[in-house]
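The values are calculated or read from the model by the stated rules, or taken from the named source; none is laboratory data. Computed from a predicted model, the values in this text were never measured in an experiment. Positions of Cβ are generated from backbone atoms using ideal geometry, with glycine treated the same way; all protein chains shown enter the neighbour counts.
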Amino acid sequence: MLDQSKSQKLLERGRAVIPGGVNSPVRAFASAHVSPPFIVKGKGAYLFDEDGHRYVDYVGSWGPLIVGHAHPEVVRAVEQAARNGTSFGAPTAREVELAERLCQLMPQVEMVRLVNSGTEATMSAVRLARGVTGRAKFVKFIGCYHGHGDAFLIEAGSGLATHGVPSSPGVPEGTAADTLTAPYNDLASLTELFARHGSDIAAVIVEPVAGNMGCVPPVDGYLEGMRELCTRNGALLIYDEVMTGFRVGAQSAQGRFGVAPDLVAFGKVVGGGLPLGAYGGAAHLMQHISPAGKVYQAGTLSGNPIAVAAGLATLDIIMRDPDFFDQLERTTQTIGEGLTRAAAKVDIQITVQSVGSMGCAYFSPTPVRNFDEAAATDTDTFYRFHAAMLEHGVYLAPSPFEAFFVSAAHGAEEVEFTLEAAAKSFAQVAGS
Ligand code: KE4
C-alpha cells in the first residue's frame, strides 16, 4: 500500500477550510481508491508528492503541460515577465504578439480576445453567438464539458460524470431551458433538434474530440454534417478547443479534421501552465465584442503578462520543431499499443482511443463513441487499475471519463517505466 500519510493529513486540514479540501472537484479523487497525492514539485514528465513518491505524470495539469513540467524556457519567460511587474490592467506589446501568433497559426481565426480560463473562453463565445444572432438557445452534447458556466452544467461529463451529477443545483431552470442537448456523434438527433428549434438556436458548441468522456474522436462526416446544419440554419458553430487546441496538431482539431468552426475557444496549452484562455473567430464576428462592439466581456487580469509570457514560450517550443506533434503522436501510440498488449496478457480487454497526444484506455472490448458507451465501460476495474498504477509510480487522472496526456518530456525511459507499471497493475487487477 502506498504511504499517503502526509497527503492525507493535508487533505484533512484542507477540508476544514476549502470545500472538499480541493480547489477543483476532480482533484479530490472522490471515486478513486486512493487519496489525492499533494504535490510538491513537477519536473519534465514527473510529479513529486509530499510523501516522497515520484510519478510519471499523464495528467499534465489536465492538459496544459505539453512541454512537460517546469520547462526551462517557460520558467525563464515567467521569471523575466514577473521582474517587470505582474499585472498592469493596461495593454502590452506581448498580448498583441500572442494574439497575432494565434491568428497566424489558426487560418480561420482573424481576431482573438484573451481571458483567464477555458470556462471564460467558452462562456464568452456563447454570449457572442447569442449577441450576434439575437437567439437564446444553444446546443451542447451529452458528456462534453465546457467549463463551469451555468448554461454548460447540463449532462456535462468530466467531474460531473465522475460525481454522478447530471446537472448542478444553482443553475436556474430558465438557464437550463435554453441549453439543448444531443448525444455526441449522432447527426440524426442534431438534425432533429434543428428541425424543432432551428430558428431559436444561436450556436452549437462541441469538443471536436470529446475529452471529457475519455477520448472520443468524431465519427466520419460528423463535424462536416454539424457544420452544414449550422450554416443552413444561421447558427454559429463553436469549437471548444480548450483541450484539443495545440494538443492534437499544430492547427488544433480544426486543422486536423479540416472542418472550420465560426468561433473557437482555447485554454490549457495556450497558457503554458498559467491561467490563460482565448476565444476568437472571423473579424466580422469578433468586432461585436466590447469595446469594438456591444457584447460585453471584460477582465481585471485578462492578458496577464506572466501568463502571456508562458503561453508564448510554450508555443515557441512547439512550433520550432516540425516533428513535434508527430513525435508526440508516436509516443502516444506506443503507450496505447503497450497498454493493450499488457492487458491482453492477463485476459483483460481494453480499447485505447487516442488522437494526437491525448487518449483514453477504456475497460471495454468495443470502441466508445458517446457518453452512454463511456458510462457502460467497466469503471470499477478502472478505479482498481488507477490505484495500482499510482502505487507503481504512474499518475493517471482519477476518473474513467478523463483523457491522459503525453508531453514532449515523455521519452523512451518513461514509456518503458509506464508499461512495466501497467503490466504489474493489470496483473494485480486480474488477480483480485
Ligand atoms: P477551465 O475553466 O478549467 O480552464 O477550462 C474549462 C474547460 C473547457 N473546455 C474543455 C474541453 C475542458 O476540458 C475544460 C476543463 N477540463 C477539466 C477536466 N477535464 C479540467 C480540470 C478541472 O476541472 O479541474
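Just one residue in the set V139, V132 is modelled with pLDDT of 95 or more and within 16 Å of the ligand (Cβ to nearest atom); that residue is V139. When region 195-232 is examined, which residues are found to be surrounded by fewer than 24 Cβ atoms within 10 Å (Cβ to Cβ), part of a loop (DSSP other than H, G, I, E, B) and not charged (D, E, K, R)? Scanning region 195-232 gives P217, P218, V219, G221. Being of a type outside the set (D, E), modelled with pLDDT of 95 or more and surrounded by fewer than 24 Cβ atoms within 10 Å (Cβ to Cβ) is the requirement here; does I318 meet it? Yes. For V352, the criteria (1) in a loop (DSSP other than H, G, I, E, B); (2) closer than 29 Å to V67 by Cβ hold in every case but one, which is (1).
With the condition kept exactly as written, say whether any residue in region 186-195 is within 29 Å of P398 (Cβ to Cβ), in contact with a helix residue (DSSP H, G or I) (Cβ under 9 Å, 6 or more places away or on another chain) and at pLDDT 95 or above. Yes - at least one qualifying residue is present in region 186-195.
A quick yes/no check of all residues on (1) assigned to a helix (DSSP H, G or I); (2) within 29 Å of D186 (Cα to Cα); (3) among the β-branched types (V, I, T):
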{"position": "A342", "(1), (2), (3)": "yes, no, no"}
{"position": "F382", "(1), (2), (3)": "yes, yes, no"}
{"position": "F401", "(1), (2), (3)": "no, yes, no"}
{"position": "A421", "(1), (2), (3)": "yes, no, no"}
{"position": "Q428", "(1), (2), (3)": "yes, no, no"}
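A single entry from E120, E110, E207 fulfils the requirement of being in the same structural domain as Y239 (by TED's automatic domain parsing), more than 16 Å from the ligand (Cβ to nearest atom) and not hydrophobic (A, V, I, L, M, F, W, C): E110.
If you scan region 32-49, which residues turn out to be of a type outside the set (A, V, I, L, M, F, W, C) and in contact with a Pro (Cβ under 7 Å, 6 or more places away or on another chain)? Hit for region 32-49 is D49, nothing else.
Is it the case that some residue within region 99-107 is of a type in the set (S, T, N, Q) and under 21 Å from the mean Cα position of the chain (by Cα)?
Applying the first criterion (of a type in the set (S, T, N, Q)) to region 99-107 yields 104.
Narrowing the set further to residues that are under 21 Å from the mean Cα position of the chain (by Cα) leaves none.
Looking through region 99-107, none of the residues is of a type in the set (S, T, N, Q) and under 21 Å from the mean Cα position of the chain (by Cα).
State which residue is surrounded by the most Cβ atoms within 10 Å (Cβ to Cβ) when the search covers only region 105-127 and only residues that are in a loop (DSSP other than H, G, I, E, B) and touching a Ser or Thr at 6+ places or on another chain (Cβ under 7 Å). Within region 105-127, the match that is surrounded by the most Cβ atoms within 10 Å (Cβ to Cβ) is M106. For region 380-422, the set of residues classified as within 16 Å of the ligand (Cβ to nearest atom) and either over 16 Å from L65 (Cα atoms) or over 22 Å from the mean Cα position of the chain (by Cα) (or both) consists of F382, H386, P398, S399, P400, F401, listed by residue number.
Would you kindly identify the strands (runs of 3 or more DSSP E) lying entirely within region 1-98 that contain at least 2 residues that are more than 16 Å from the ligand (Cβ to nearest atom), exposed (fewer than 12 other Cβ atoms within 10 Å of the Cβ) and not charged (D, E, K, R)? Break it down stepwise before answering.
Values: elements: 39-43, 46-49, 54-57.
In region 1-98, no matching strands (runs of 3 or more DSSP E) lie anywhere.
Which residue, of A235, A282, A265, is crowded, with 24+ Cβ neighbours inside 10 Å, hydrophobic (A, V, I, L, M, F, W, C) and away from the ligand (no atom under 16 Å from the Cβ)? On inspection, the qualifying residue turns out to be A235. Does region 331-345 contain any residue that is under 17 Å from the mean Cα position of the chain (by Cα), crowded, with 22+ Cβ neighbours inside 10 Å and not basic (K, R)? Yes, the conditions are met somewhere in region 331-345.
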